[in-house]
Amino acid sequence: MAFEPLQTDEKLTAKTKPAKDMDDAMLAGCTGFVVTSLLSYALVVWPFFVFTESERGQVLALCAALGMIPSVILGIVAARKFGLAGGFGYLGGAMAVAVFLYLRIQQSFLAAMAKQAPAPDYPDVLNLLVPTGWIIQALIVLVVFVPKGEYESEKLTSQP
């Protein structure tokens, strides 16, 4: 009768570390990607629904502090824990955040032009700088905090 996980009759005196299974690695990577992207998006977006006067620079800065700082911390942790999957999950969430930020800031300027809201007290160039900066910082988190061994292809075993 074969002994698990070696599938041999040989008895070993020390415990052996099981080889990485491809299915487990895929499940962990996919879970890390999805959870990181959704959580990073939710962390950045929630302050904009609580503090709705986003045409004021102070409110925009407050929303950034309350949402973006925890999201960056999440991105760093996810990149370290899940490797490339967590890093790219954070980048995916950052892209969704960039679209949200662009539309939210653009909404402030359009409402001011329609005379429905006061004019924003920050320059129009922030409409592109804030989302672009957010994606750039996500790329920096990805490159800096993903463990270096993740860039090399690992040998995973697939069970028949």
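Using Cα pairs closer than 8 Å and at least 6 residues apart in sequence, work out the relative contact order for the stretch 35-97, in percent. Let's see the in-between values first.
On the way: 64 pairs, mean separation 31.3, N = 63.
Averaging sequence separation for qualifying contacts and normalising by length gives 50 percent for the stretch 35-97.
For the chain, set up a GNM with springs between Cα atoms under 10 Å and report which of GLY32, GLY87, GLY149 has the largest fluctuation.
Highest fluctuation among the options: GLY149.
Give me the number: length gained by fully extending TRP46 to GLN106, i.e. 0.36 nm times residue separation minus the C-alpha to C-alpha distance, one decimal in nm.
Working: separation 60, 0.36 × 60 = 21.60 nm, distance 1.79 nm.
Extending this stretch completely gives an extra 19.8 nm.
What is the order of VAL146, VAL50, fewest Cβ neighbours within 10 Å to most? Intermediate results must be reported in sequence, preceding the final value.
On the way: VAL146 22, VAL50 10.
Result, fewest neighbours first: VAL50, VAL146.
Could you work out [θ]222 nm for the chain from helices alone, using -39500 (n - 2.57) per DSSP H run of at least four and dividing by all its residues? Round to the nearest 500 deg cm²/dmol.
Numbers: 5 runs with 100 residues, N = 160.
Calculated from helices alone, the mean residue ellipticity at 222 nm is -21500 deg cm²/dmol.
Sequence gap at least 6, Cα distance under 8 Å: using those rules, report the relative contact order of the stretch 1-140 to the nearest whole percent. Mind showing how you got there, number by number?
On the way: 149 pairs, mean separation 35.1, N = 140.
The normalised contact order for the stretch 1-140 reaches 25 percent.
How many lysine pairs are close in the chain, with Cα atoms under 20 Å apart and the two 8 or more places apart or on different chains? Each step should come with its number before you reach the end.
On the way: LYS17/LYS81; LYS17/LYS155; LYS20/LYS81; LYS20/LYS148; LYS20/LYS155; LYS81/LYS148; LYS81/LYS155.
Lysine pair count for the chain: 7.
If r is the Cβ-Cβ distance from GLU150 to ARG56 and R0 is 35 Å, what FRET efficiency results, to the nearest 0.05?
Details: r = 41 Å, r/R0 = 1.18.
After rounding, the FRET efficiency stands at 0.25.
Each value in this text was obtained by applying a stated rule to the coordinates, not by laboratory testing. All of these numbers come straight from a predicted model, not from anything done at the bench. Counting neighbours? That spans all protein chains shown, and the Cβs are built from the backbone with ideal geometry, glycine included.
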